[in-house]
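The values are calculated or read from the model by the stated rules, or taken from the named source; none is laboratory data. Because the structure is predicted, anything quoted here is derived from the model rather than measured. Using ideal geometry, Cβ is built from the backbone for each residue, glycine included, and neighbour counts are taken over all protein chains shown. Please note that ligands, DNA and RNA were not included when accessible areas were found on the heavy atoms of the full protein model with its side chains. Shrake-Rupley method; radii C 1.70, N 1.55, O 1.52, S 1.80 Å.
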Amino acid sequence: MSRHTFCHWVLSAVLCLTVVGCGDDGESSVPAASSDGFVPRSESQARELQYLRFATAHGQPDGPLNAMAHMEREQREPTYHVADGAVPATAWDDQFAKMAALQDTRDFDALYLLNVLLGYRGNPMLAPGLTDKIEQALVNFKFWYTDPTPQGMLDNSYYWTENHEAIYHTLEYLMGQQYPDRVFGSDGKTGREHQARAAALLQSWFDLRMRFGFSEWHSNVYYQKDATPLLTLVEYADDPAIRTKAAAVLDVLLLDIGVHTFRGAFGTTHGRSYKKDKLSSLDDDTQGLVKLLFDTTEYEYQSTGDPGAMLFARAKRYRLPQVIFDAARSPETFVDRERMGIALNELGPVEANPQAPYGLSFTDPKDLSVWWGMSALTAWQVVPLTVQTLEQYNLWETANFAPFSGLQTFTGDLAYAQTFAASAARMLSFGLLKEVNTYTYRNADYMLSSAQSYRNGSFASQVHSWQATLDPNAIVFTTHPFRALVKSLDWYQDTETGSYWTGEASMPRTAQHNNVAIHIYAPQYRQKNPGILDFFHYEPYTHAYFPQDHFDEVRQQGPWTIGRFRDGYVALYSYRPAEWLVYDPTVYATNGMVKPFDLVANGGADNVWIVECGRKADFGSFDAFVTAISQAQVDVTVLPTHLGFAGGFNVVYQSPSQGHVTFGWEAPFTVKGAEVALTDYPRHASPFASTPFNSKTARIEKDGVGVQLDIERPSRLVYGR
């Protein structure tokens, strides 16, 4: 421990720190000072009750989450009452059947049912026999892919992305804790044995998240699925070390959400996101959590069964550090730079016995969850371990892997399979979430966020590469479509593995500095592919989402489309001429929008898009911003093709705010003649935290209020002034 750190700890003790994990209720018995470093209970409880009232305003309790809202509100408001037995014993039979059938996402259902079991058993609102059904379903639960599958069944569960890992391990740990001597139906082992296994797996998961962050970076879908198991552990784990580690990782996650929200919108680059979550932040899975914790939006809650909002609304042990609340609400202008994930060169060259970074192994089954957790199943380094696992656990026939059964032809020659995987990595590694450097600029009027120079030219099936956010609905981003626009009147119909709005058929090479970003598209694989690779093809254009209905005004000046929302401005340039695609509302869903919102740049899948944000405080009137942008010089040079693929572009942009900016497919990013780094960021660098990459400690602090985290000790020290 450094002298500075030791002195800070002494000072923290003097300030009457609260240490989660030290007492029976998750807090120390040391009296709090005038400010204990947490959001005051009176404030958080008022928002919690607001959500509970919203969730219970209409009808009787239905699903597990909504039922918890009714039971929790009844406990807090003596005048509120729901009839005994309001939730019948058969109410959740569908969830029990899904769990028994080993269907994918059964772990999500199980986590909510576990919260009912641990938090509300004996509540008269639940009909007799219902909690017994929950208990039996969870005792019989298959907790991990290595456990035996009942004869005659296929296990179609997906265990391996980091959010699923956290949930499965949490379920196993807490069920083992609750029933230590009971024999579990999945493998005949006792609850105590399951708890011990899950404890080791959780320790590894905590360690990876603290050191490297989240592979599914800034995900407005899966951060909710990470937060809920972490919160469940804080609330119900008996072991203070597990509680403290879970709370520490949860703090890091919530800081990540907090610094990347604007007016209640978690509107950033995302490692994983879908159409439903991208085109309006009101529809994303973190909306309720963000509103309840940070109170930064004028919009109402959107779901009466929101997992994040509900579990935080009933939390007793976990309290949000004030510094994270302040970060989410800060009106100051700031930059956040982060590095997350583990570096991996999926493109080769292939070599024998590759050495994994950070002491990990590409061949040891214990590290499988690391590589599959970042969707590196088809990375050439991991191919032998992937094949071994698929065959050992009969996964080829399951729903998740059957579409790729054609690749079994290569498994007889693993060296050739590795060479093939590297040569086709631009396509086959479509889900890979390796090390990424993200950059976000936020002020009181807008937020701009990008993944810097990430997997340029490769298919990334669920990545959201950049976004400008002025409001939960007033957002702008570009994509390269993997599939044509689907003819449907269902706004939410969109495939998860690359589509018209979800993911990038080819990732742009992106560079952002403050309020300006350049995105260069140049696909590095063929538009159509033969044989077993025929699944991979893409559309010959790029396009932008620019919802005119949700802006106060939108103008087009030459190659620029420029919008205003309140006092925030956003301008979008396309090298290829871009035109509004007018949707026939009898054929295509528009989500109630009347004006065109889809800006299509035909002429090729390679293109240059430039975005610059501004505001009244910096530019004055919107007219002045439009004039400055439309007069800005842009020079684009088309580069020659390389190996049969688009060579990309070189770009020179005379930004009205940032001055002379240059960038290219291979060229560095410069602003006013100085090169700007796009890689090797710290784990976190913002006014609220400065954390080195691959660190097991973190300090989140601003103006003498903060939280200090150490995943090894473990400790979580929260302090105020």
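What the table below lists for this structure:
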{"quantity": "Ala127-Arg76 FRET efficiency (beta carbon distance; Förster radius 25 Å; 0.05 resolution)", "calculated": "0.65"}
{"quantity": "Dipole magnitude of the chain, debye to nearest 20 (Cβ charges: Lys/Arg +1, Asp/Glu -1, about Cα centre)", "calculated": "980 debye"}
{"quantity": "Simple spin-label estimate for Val335 and Ala97 in nanometres, 7 Å along Cα-Cβ", "calculated": "5.6 nm"}
{"quantity": "GluC sites (Glu not before Pro), loop per DSSP, at most 15 other Cβ atoms within 10 Å - longest free stretch of the chain", "calculated": "1-297"}
{"quantity": "Around Ala628: net Lys/Arg minus Asp/Glu count, Cβ-Cβ under 14 Å", "calculated": "+1"}
{"quantity": "Computed FRET value (nearest 0.05) for Ala343 with Ser204, which takes r as the C-beta separation and R₀ as 25 Å", "calculated": "0.85"}
{"quantity": "Normalised contact order of the chain, rounded percent, pairs of Cα under 8 Å and 6 or more residues apart", "calculated": "13 percent"}
{"quantity": "Most positive-pole-ward Cα, Thr586, Ile562, Asn529, against dipole of the range 527-655 from beta carbon charges", "calculated": "Ile562"}
{"quantity": "Unit charges at the beta carbon, dipole of the chain: most positive-side option, Met68, Phe401, Gly431", "calculated": "Gly431"}
{"quantity": "Magnitude of the charge dipole, the range 192-343, Cβ model with Lys/Arg +1 and Asp/Glu -1, debye to 20", "calculated": "320 debye"}
{"quantity": "All-pairs Cα distance distribution in the range 576-721, expressed in whole percent, bin size 10 Å", "calculated": "9, 20, 23, 23, 19, 6, 0"}
{"quantity": "Fraction of the pair-distance distribution of the range 31-82 above 18 Å, Cα-Cα pairs, percent", "calculated": "39 percent"}
{"quantity": "Rounded to 5, the percent of DSSP beta bridges in the chain classed as antiparallel", "calculated": "100 percent"}
{"quantity": "More than 13 Å apart - percent of Cα-Cα pairs taken over the range 670-721", "calculated": "66 percent"}
{"quantity": "Label point distance in nm, Gln388-Glu298, each placed 7 Å from Cα along Cα→Cβ", "calculated": "5.9 nm"}
{"quantity": "Theoretical FRET efficiency, 1/(1+(r/R0)^6), r = Cβ-Cβ of Glu666 and Arg566, R0 41 Å, to 0.05", "calculated": "0.55"}
{"quantity": "Euclidean distance between Cα centres, the range 246-270 to the range 504-550, Å", "calculated": "26 Å"}
{"quantity": "Lys, Arg +1 and Asp, Glu -1 on Cβ, resulting dipole of the range 549-664 about Cα centre, debye, nearest 20", "calculated": "140 debye"}
{"quantity": "Mean accessible surface per residue for the range 185-225, computed with a 1.4 Å probe while every protein chain stays in place, in Å²", "calculated": "28 Å²"}
{"quantity": "Thr90 paired with Glu712, simple spin-label distance in nm, labels 7 Å along Cα-to-beta-carbon", "calculated": "5.8 nm"}
{"quantity": "Gain in span if fully extended, Arg721 to Asp635, counting 0.36 nm per residue against the direct Cα distance", "calculated": "25.8 nm"}
{"quantity": "Where N is the number of residues in the range 510-616, Cα Rg divided by 2.2 N^0.38 Å", "calculated": "1.24"}
{"quantity": "Probe 1.4 Å, protein heavy atoms only - accessible area per residue of the range 449-601 in square angstrom", "calculated": "33 Å²"}
{"quantity": "Cα centroid separation - the range 159-219 against the range 342-364, whole Å", "calculated": "26 Å"}
{"quantity": "Total formal charge among the other residues, if their Cβ is under 15 angstrom from that of Val252, Lys/Arg +1 and Asp/Glu -1", "calculated": "-3"}
{"quantity": "Extreme residue, positive dipole direction of the chain, given options Leu114, Phe669, Val383 (C-beta unit charges)", "calculated": "Phe669"}
